[in-house]
Every structure is written in structure tokens, then in C-alpha cells.
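The values are calculated or read from the model by the stated rules, or taken from the named source; none is laboratory data. Only a predicted model underlies this, so the values are computations on that prediction, with no experimental measurement involved. Cβ sites come from the backbone with ideal geometry, for glycine too, and all protein chains shown count toward neighbours. Areas reflect the complete protein model, heavy atoms only, side chains present, ligands, DNA and RNA absent. Shrake-Rupley method; radii C 1.70, N 1.55, O 1.52, S 1.80 Å.
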Amino acid sequence: MKENIFGKPQTPEIENAEEGRLVINLGPSHPAMHGIVRIIATLEGEKIVDADVEIGYLHRGFEKTCENVTYNQVVPYTDRLNYVSPFINNVGFALAVEKLIGIEVSERCKYIRVIMSELSRITDHLTCIAANAMELGAFTIYFYLIKAREYIYQLTDDVSGGRITPAYTRIGGVTKDIPKDFKNKAKPVLNSIRESLAETDRILTRNRIFMERMQGVGRISKEDAMALSFTGPVLRSTGVPYDVRKSQPYLVYDKFDFDIPVGETGDNYDRYLVRMEEIYQSIRIVEQALKQIPDGPITLEARNVSLPAKEDVYNSIEGLMAHFKLIYEGVKPPPGEVYFAVEGGNGELGYYIVSDGTGRPYRVRIRPPCFALMQGLAKMLKGGYIADVVATFGQINMIAGECER
Amino acid sequence: MSEVLIPKLKEKFSNIVLDSHSFRGDETVVIKLDALLEVCKYLRDDMGFEFLMDVTAVDYPGREKRFEVVYHFYSFINNYRLRVKVRVPESNPAVDSLMPLWSGANWFEREVYDMFGIRFSGHPDLRRILMYDEFVGYPLRKDYPLRKRQPRIPHPD
């Protein structure tokens, strides 16, 4: 038995081994645990009286790695944070560094970033609902929604050249412009998502089994959620309308008309409803953005930030030098520190970057939304049944890559 | 964005606020280590900062006080962010835990302990969170080598 620094026994098996109690170990590798996570639950009959959540199985040293590469080289790593909505991570990191440098990207680039972020949000929510429904026995929903997600992957693949790891943004812009036929291709995709959602809605939303598994389960109060630093759909399900896109609009989110759905009771069913509605809202944003998107450059014309055009690199010494310096030394923000948050699929995704004036970040810190959610998981599980672990954990939507970095 | 909170905090805690700056609209105050709980209680109860968004640390080897523990607060009612920092010496890296004020400080502080070896006094369950218990050293300190390898741990059984 190991002791931590306060001399408390570390294994809950020993702490909680009372008469009539059973300590069981869920995970680290369990079919209903997306991502590797371990829950040590103390049961009384079928009721959970105590739970200890253990993470760290996918820690890859993201923050340490970032201190040793240039700013643009961090972008591909950010894909691997929340790999279900990689574009939001890319955009968040680029915006944080741009804030640090003090530049603003072109209008067209802002629209492209919004469109890609919202498509990513849709894939995130679709995956969450699909997996959650599947784990509760509604396998059909999984196929409907994953098929819808596949259409978006194809669409974003056309734009960035990568399905799950697009590495799409650069400091000061994006890698490629959206294809000419993007608007035409997006229309049927968005319509098919609407259809899939309507089908899901018909099968799931008033489904008696589903409702009984979700309603009143994994409940958390508004006060607890705020004290536990919850953000995103889980916080909104308790009735707090906090969304970074509305509270502190970044990019061009203030130009769109969209709503922030909130729940009332803070249970799993409300979370499901909030996520469903958010997909519709994201579709609305994408449609408005596609209508409004202006023409123009996609990267900033600044030699110290974004790579010069290839013609310049091959035909002028200045262009070649700028290219060389940017590749070898990287973008050099002034010394300072910034915190920038975007609304990720699971909540506030914050980047805290400290620069010492060189081409490599002195410190990059990610504020992962599901890290905060996971620490509240034990509280949400206590008092419930062992079978509810799957429902609650599914609605937390833990993405190990983001939680453990 | 101009400075909004810094003057107010400076006035209220004139001998506690050591340093302050406002960079790209982010307001930062550096406060005395032992006054952390007092200031944070004031922030939560009187200034409406309901959210403790993030706790992290930065390692500055060579400084007199090596570590900086960085807190990001967010106020939903006022829609405002604030960064509070405390400087921690290497000889006794200990900070008061914010667990009495925000239960959400729990894992964030455990992560800082795990990565930097900064202890949080009053934290009820301070153990490693991302690394395993047998891991030696603190990986996010600047003197921890990037490519250092540690021996594999035999399975307990």
C-alpha cells in the first residue's frame, strides 16, 4: 500500500472496505469507456457510494513538447488534443498566438475558421450522442450519426487534406483556401445532417427506455457545476448560458444569429437535448457564414508572420530570406503572456502562452474542458446505480487526448 | 482594453499586490504568497469571479523565486477575466490550496503538483494525476530533460 504525502492510504479498496460494500474496478480498458480511464467504484448493492476516477493513461507530454518546437510546429500537435474536433484546437491555438503577436487575420480567413470550427463542433456532438446512444442499446442511432459525421469528414477533408488530423491553421492564416465548389457540396451535407438528426429525434428523444436511463441521472446543480469549473454543454445543461462564442465573441461570431440552448435540471437528458440543439445552431452558423463569406486573401501579408508566396521565394532574395527565417527560427512574438479561450466541443478550451521573445514558446498551457468535467464525474456518479456510469460518462464526453494532453 | 480591475485591487490590497500589468487586454496581478486565500475569497465573494478557470505554473530557473503559479479567473456576471500570479521559491515550493473556495481546484492543483512539484497546503488528496506514482522528478520543470527515459515499472501482482 502506497501512502501519499498526507499519509492517507491511497487505495480506496482499503478505505472503503466496510461490511456489505464491494469495491470494483472499471477500466482502465473497458468497452464502454471511450479512451482509457479507470473508475474505482465502491458499491453498496448496486448503488455507488464512492468513486475515484483515475486518468493519465494517454499523457504524451504535449506541453513539454511545445516548449521545444516553433509556434507553427505546435499546430499539428493540437490536432491530437480533441481529435474529434481538431479544427477548434487549431483555431484556438492560432488565435492565442495572434493575440500574443497583436495581429488580426483577414476577414475571409476569419469566416473560414468559423465554418471549420462549427463543422468540427457538429462532429464532436454527433460522436458524443452516437456513442452514448449505442452504449445504452440504441445501435441504430450510432450508424445514422456516424454516417452523418462521415459526410462532414469528407467535406473537411476536401478543404484541409486530412480527416482527423488536418493541421489546418497557421499563425496568421490557414493552409489552403476552401475549394470553389465548397458551398455547393456543403448544402447537401448540412441537409443530410438535419435528416439524421430528425431521425435520431424520432427514435430517441421520446423513447421510454432512453428517457428512463437519462432523466434524473448524473444530475449536478448549478452551484456545484460552477464551483467545479464546468463549461460547455454540461454547464449549460444546468441552466447557465455561458458560451465563449456569445460572451466574448472571437473571430466573427458576433455577426451571426444563433442561440445558446440551456437545460434546467443538469441531468444527462438535458445534456443530450442541449447537444442536439447545438448541432442545429452550428448548422445555422455555417449557413450564414457561407452566405456572408467575402473574397480576399486567406493569409496575412506580413513577412515576419506568414510564409511568402512561392513566386517570391524562388524569384527574390527577400522572399527566400523570409521563408528561411520563418522555417528555421519561427514566428517571434514579443515577450509577454496571454490567455485566449475558444468554445470547444466540450467547453472552454483555453490557451495560456508565455513568450520570451524567441521562436519557441516558453510555456504553452492548455486548459482542457474535459479535465474539469472529469473531476466532477465522481460527484455525478455518487448516489446513482452502477449501470448509470455508462450514461453519465458518455455525456461527459471525455476525450483522453485533450484531458491528458 | 484599459485597466479596470488593477487600480481597484491595488487600492484594496495596497501592500499585497506586488506587481501588475495589462498586456493585450489581459489584466494580471502578482500578489504575495501568503495572502492568496484572502485575495481569492475577495475575488469570489465581492467581485463576482465564480469560475476558477485554470491553475497552472511556469518555471523560471535562475529567478530568485523560481516558480510562478498562475490562476485564471472568469466572472460570468461581469463577463471579465483576471489573472492572478504568486511567486514560489524553490526551497519551499508550497502554496495554499484553493479547495476551500472552489472544489474545482482539486485536479488542477494535483496536476501542478505532478508536473512542477509544487505542494498545495490544505489539499486533501494531493497525489500525482497524469504521471504514475513511481515516476521520479517533475517533467515540466525546465531542468527535466526532454528525452529522459525512466525504467519500466514491474506490475504490482
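When you restrict to C-alpha pairs under 8 Å that are six or more residues apart and normalise by the size of chain B, the relative contact order lands at 16 percent. Counting only Cα atoms, the protein assembly as shown measures 80, 64, 51 Å along its principal axes, largest extent leading. For the residues B:21, B:123, B:72, a GNM of chain B with alpha-carbon springs under 10 Å puts the largest fluctuation on B:21.
Against the main long axis of the alpha-carbon atoms of chain B, helix B:105-116 sits at an angle near 60°. Per residue, the protein assembly as shown exposes 41 Å² of accessible surface when a 1.4 Å probe is rolled over the protein heavy atoms with every protein chain present. Across region B:44-118, C-alpha contacts under 8 Å between residues 6 or more apart give a mean separation that, scaled by the residue count, equals a relative contact order of 28 percent. Can you tell me which of B:54, B:96, B:125 moves the most in a GNM of chain B? Springs connect C-alpha atoms under 10 Å apart. Answer for the Gaussian network model of chain B: B:125. Summed over both chains, the area buried between B and A is near 4500 Å², taken from the accessible surface of protein heavy atoms with a 1.4 Å probe. By the rule of a C-alpha distance below 17 Å, with chain neighbours fewer than 8 residues away ignored, the lysines paired with residue A:183 are A:110, A:291. The apolar share of the surface of region A:48-200, taken as the fraction of accessible area on carbon and sulfur atoms (1.4 Å probe, ligands and nucleic acids excluded), comes to 52 percent. Set the bar at 22 Å for Cα to Cα. Now go through B:65/B:85; A:222/B:12; A:222/B:85; B:12/B:32 and name every pair that lies beyond it. Exceeds cut-off: A:222/B:12; A:222/B:85.
The helix-based estimate of mean residue ellipticity at 222 nm for the protein assembly as shown, built from -39,500 (n - 2.57) per DSSP H run of four or more residues and divided by its residue count, is -12500 deg cm²/dmol to the nearest 500.
Loop-resident trypsin sites (Lys or Arg not before Pro) (DSSP state other than H, G, I, E or B) in region B:1-83 with no more than 14 further Cβ atoms inside 10 Å of their Cβ: B:63, B:65. Ligands, DNA and RNA aside, residue A:58 has an accessible area near 60 Å² when probed at 1.4 Å. How would you classify region B:48-130 from its alpha-carbon gyration tensor, with a ≥ b ≥ c the square roots of the eigenvalues: rounded for a/c under 1.5, else prolate if a/b is greater than b/c, otherwise oblate? Here region B:48-130 falls in the oblate category. Per-residue SASA remark: residue A:290, around 20 Å² accessible (1.4 Å probe; ligands, DNA and RNA not included). For region A:148-283, the gyration tensor built on C-alpha atoms gives an oblate shape. Its axis ratio a/c (a ≥ b ≥ c) is at least 1.5, and a/b is not larger than b/c. When a 1.4 Å probe is rolled over the protein heavy atoms, the share of accessible surface on region B:5-121 that falls to carbon and sulfur comes to 46 percent.
Under a Gaussian network description of chain A, with springs only between Cα atoms under 10 Å, the residue in A:342, A:189, A:174 that fluctuates furthest is A:189.
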